[in-house]
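Participant: Okay, here's the structure, questions in a sec.
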Amino acid sequence: DDGSLNWNFIDSLGRIQGIDAFVELNELRSVAPVGGSVIAIATGKLSTKLEGTLFVNIHVVKTGFDFERFSVDRSYNIPLSTSGSPIAVLGDIQKKRKYYRKLGFSLGYEAAELIYTHRIWVNRMFYNGGSRALKAAKPMMKSGNWDIAEKELLQDVDNGKLKARGRVLFNLALVKEGQVEIDEAIAYAEQAALEYYDKEANNYLVKLRKRKRIMER
């Protein structure tokens, strides 16, 4: 009657439905890369970061424990065109919505991992030579340590050599598949195939799109 939650009812419902925990989205903060986009375009970089922080409250059904204001941080790499106008990039409302949706999905996925960690093994070919980052990321790629591999590869995503850049993007696609972020994996693979003519990326795209269709059934 006073608007407060009936936790006894919620816990009983959770047990009946087999729910492990309830997650409440408490607050979302994001930093729009306005200045960063202009600088990135001016310096010829391929992407700029949209950063966000999500605060969540978690109630665990089995134990009754409550965890308040856990925070997770994620970023989404917005692709840029060096021939385009910074104003056009920053003023495209449809693209902005798309980028913020992707950031929101990444933040939600990261928050879910606080209570349910899930990774998959991706046993695919990957590049281990051609640039410093490709070599450095080799052991992470082999062991499935996707988060560290991603950080290593992103340091070389603006490599000046066309072939090396395509290989980095291909490996980033594989990393995103390992993180179960299929849309981002497809985006990286498409960029590797269409812009940098990576021969392995075309076949990989077919596999990724097939996997996405299976996941959406």
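Participant: If I filter segment 149-160 down to residues being surrounded by 17 or more Cβ atoms within 10 Å (Cβ to Cβ) and at pLDDT 90 or above, which single residue comes out as farthest from K49 (Cα to Cα)?
Facilitator: Within segment 149-160, the match that is farthest from K49 (Cα to Cα) is A149.
Participant: OK, next. Any residue that is among the aliphatic types (A, V, I, L, M), within 14 Å of M125 (Cα to Cα) and in contact with a Leu (Cβ under 7 Å, 6 or more places away or on another chain) - is there at least one of those in segment 190-206?
Facilitator: Looking through segment 190-206, none of the residues is among the aliphatic types (A, V, I, L, M), within 14 Å of M125 (Cα to Cα) and in contact with a Leu (Cβ under 7 Å, 6 or more places away or on another chain).
Participant: Mind listing whichever residues of segment 182-217 are buried (at least 19 other Cβ atoms within 10 Å of the Cβ), under 15 Å from L162 (Cα atoms) and of a type in the set (A, V, I, L, M, F, W, C)?
Facilitator: Passing the criteria: A189, A192, A193, A201.
Participant: A follow-up question, please. Quick one: how many residues across segment 65-110 are among the hydroxyl-bearing types (S, T, Y), assigned to a strand (DSSP E or B) and either at pLDDT 80 or above or over 30 Å from F22 (Cα atoms) (or both)?
Facilitator: So the answer is 2.
Participant: Find the residue count for segment 124-138, including only residues that are of a type outside the set (S, T, Y) and part of a loop (DSSP other than H, G, I, E, B).
Facilitator: Qualifying residue count for the region: 7.
Participant: Only residues that are charged (D, E, K, R), out of contact with any Gly (no Cβ under 7 Å at 6 or more places or on another chain) and either surrounded by 14 or more Cβ atoms within 10 Å (Cβ to Cβ) or within 21 Å of D183 (Cβ to Cβ) (or both): list them for segment 161-170, please.
Facilitator: The one that is charged (D, E, K, R), out of contact with any Gly (no Cβ under 7 Å at 6 or more places or on another chain) and either surrounded by 14 or more Cβ atoms within 10 Å (Cβ to Cβ) or within 21 Å of D183 (Cβ to Cβ) (or both): R165.
Participant: How many residues does segment 53-64 contain that are over 23 Å from L103 (Cα atoms), not in a loop (DSSP other than H, G, I, E, B) and not aliphatic (A, V, I, L, M)?
Facilitator: 1
Rundown of residues vs (1) closer than 28 Å to L107 by Cβ; (2) over 14 Å from the mean Cα position of the chain (by Cα); (3) aromatic (F, W, Y); (4) not in a helix (DSSP H, G or I), yes/no style:
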| residue | (1), (2), (3), (4) |
| --- | --- |
| M140 | yes, yes, no, no |
| A173 | yes, no, no, no |
| Q191 | yes, yes, no, no |
| N203 | no, yes, no, no |
| L208 | yes, yes, no, no |
| R213 | yes, yes, no, no |
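Participant: Show the residue pairs that are 6+ apart or on different chains and have beta-carbon atoms under 6 Å apart, the first residue being within segment 138-150 and closer than 16 Å to V168 by Cβ and free of Cβ contacts under 8 Å to residues at least 12 places away in the same chain, the second being of a type in the set (A, V, I, L, M) and part of a helix (DSSP H, G or I).
Facilitator: Partner pairs satisfying both residue conditions: I148/M140.
Participant: Among (1) among the hydrophobic types (A, V, I, L, M, F, W, C); (2) at pLDDT 85 or above; (3) exposed (fewer than 15 other Cβ atoms within 10 Å of the Cβ); (4) in contact with a Lys or Arg (Cβ under 9 Å, 6 or more places away or on another chain), which single condition is I16 missing?
Facilitator: Going through (1) among the hydrophobic types (A, V, I, L, M, F, W, C); (2) at pLDDT 85 or above; (3) exposed (fewer than 15 other Cβ atoms within 10 Å of the Cβ); (4) in contact with a Lys or Arg (Cβ under 9 Å, 6 or more places away or on another chain) one by one, I16 breaks only (4).
Participant: Against the definition (outside any helix (DSSP H, G or I), in contact (Cβ under 8 Å) with a residue 40 or more places away in the chain and among the charged types (D, E, K, R)), how does D158 come out, yes or no?
Facilitator: The answer is yes for D158.
Participant: Determine whether segment 137-148 contains at least one residue that is surrounded by fewer than 16 Cβ atoms within 10 Å (Cβ to Cβ), acidic (D, E) and closer than 21 Å to S75 by Cβ.
Facilitator: For segment 137-148, residues surrounded by fewer than 16 Cβ atoms within 10 Å (Cβ to Cβ), acidic (D, E) and closer than 21 Å to S75 by Cβ: present.
Participant: With respect to G130, is the statement that it is at pLDDT 80 or above, more than 18 Å from T48 (Cα to Cα) and either surrounded by fewer than 17 Cβ atoms within 10 Å (Cβ to Cβ) or of a type in the set (F, W, Y) (or both) true?
Facilitator: For G130, the condition - at pLDDT 80 or above, more than 18 Å from T48 (Cα to Cα) and either surrounded by fewer than 17 Cβ atoms within 10 Å (Cβ to Cβ) or of a type in the set (F, W, Y) (or both) - is not met.
The values are calculated or read from the model by the stated rules, or taken from the named source; none is laboratory data. Model, not experiment: these values are computed from the prediction. Note that each Cβ is placed from the backbone with ideal geometry, even for glycine, and that neighbours are counted across all protein chains shown.
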